[in-house]
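Colleague: The structure under discussion is supplied below as structure tokens; questions concerning it will follow.
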Amino acid sequence: MKRRTFIVGMAATVGGSALAPLKAKEELPRLSESDPSAQALKYIEGASSSESVPKNQFCYNCKLYVGAKEDEWAGCQIFPGKQVAGKAWCSVWQAKV
Ligand code: SF4
């Protein structure tokens, strides 16, 4: 393999893999409170205004949240293939350590 071919191939591979997570995240549908799996785990999208949610427990500070604190929506290990709201909550919440 020629050196130039190798370098161009590596650039395409690195560029492609760096963009893949962003694209996948944007394409995931948002979890609805009416989804049976969401209802089973008492998922509440507006957790800050709900009295049934323990204080200061949100998806963005749950260790199962696949996103950053500032992300409005991100993946969750409990709801694969869906995004949950950063300010939501469910009964599986676990503190980030
Ligand atoms: Fe939110 Fe954590 Fe429940 Fe996922 S497991 S919905 S991140 S509280």
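Colleague: Condition test on GLY86, is it at pLDDT 95 or above and either surrounded by fewer than 11 Cβ atoms within 10 Å (Cβ to Cβ) or of a type in the set (Gly, Ala, Ser) (or both)? Walk me through it before giving the result.
Modeller: On the way: at pLDDT 95 or above: yes; either surrounded by fewer than 11 Cβ atoms within 10 Å (Cβ to Cβ) or of a type in the set (Gly, Ala, Ser) (or both): yes.
Considered against the rule, which asks whether it is at pLDDT 95 or above and either surrounded by fewer than 11 Cβ atoms within 10 Å (Cβ to Cβ) or of a type in the set (Gly, Ala, Ser) (or both), GLY86 comes out as yes.
Colleague: May I ask you to verify whether SER91 is at negative phi, in contact (Cβ under 8 Å) with a residue 24 or more places away in the chain and in a helix (DSSP H, G or I)? Full working, then the answer.
Modeller: Values: at negative phi: yes; in contact (Cβ under 8 Å) with a residue 24 or more places away in the chain: yes; in a helix (DSSP H, G or I): no.
Judged against the criteria, SER91 is not a match.
Colleague: Testing ALA38 on (1) part of a loop (DSSP other than H, G, I, E, B); (2) of a type in the set (A, V, I, L, M, F, W, C); (3) within 12 Å of the ligand (Cβ to nearest atom), one condition comes back false. Which one is that?
Modeller: (1)
Quick grid of which residues meet (1) part of a loop (DSSP other than H, G, I, E, B); (2) modelled with pLDDT under 95:
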position: MET1; (1), (2): yes, yes
position: GLU26; (1), (2): no, yes
position: SER34; (1), (2): yes, no
position: SER52; (1), (2): yes, yes
position: ASP71; (1), (2): yes, no
position: ILE78; (1), (2): yes, no
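The values are calculated or read from the model by the stated rules, or taken from the named source; none is laboratory data. None of the values given here were measured: they were computed from a predicted structure. Cβ: placed from backbone, ideal geometry, glycine included. Neighbour counts: every protein chain shown.
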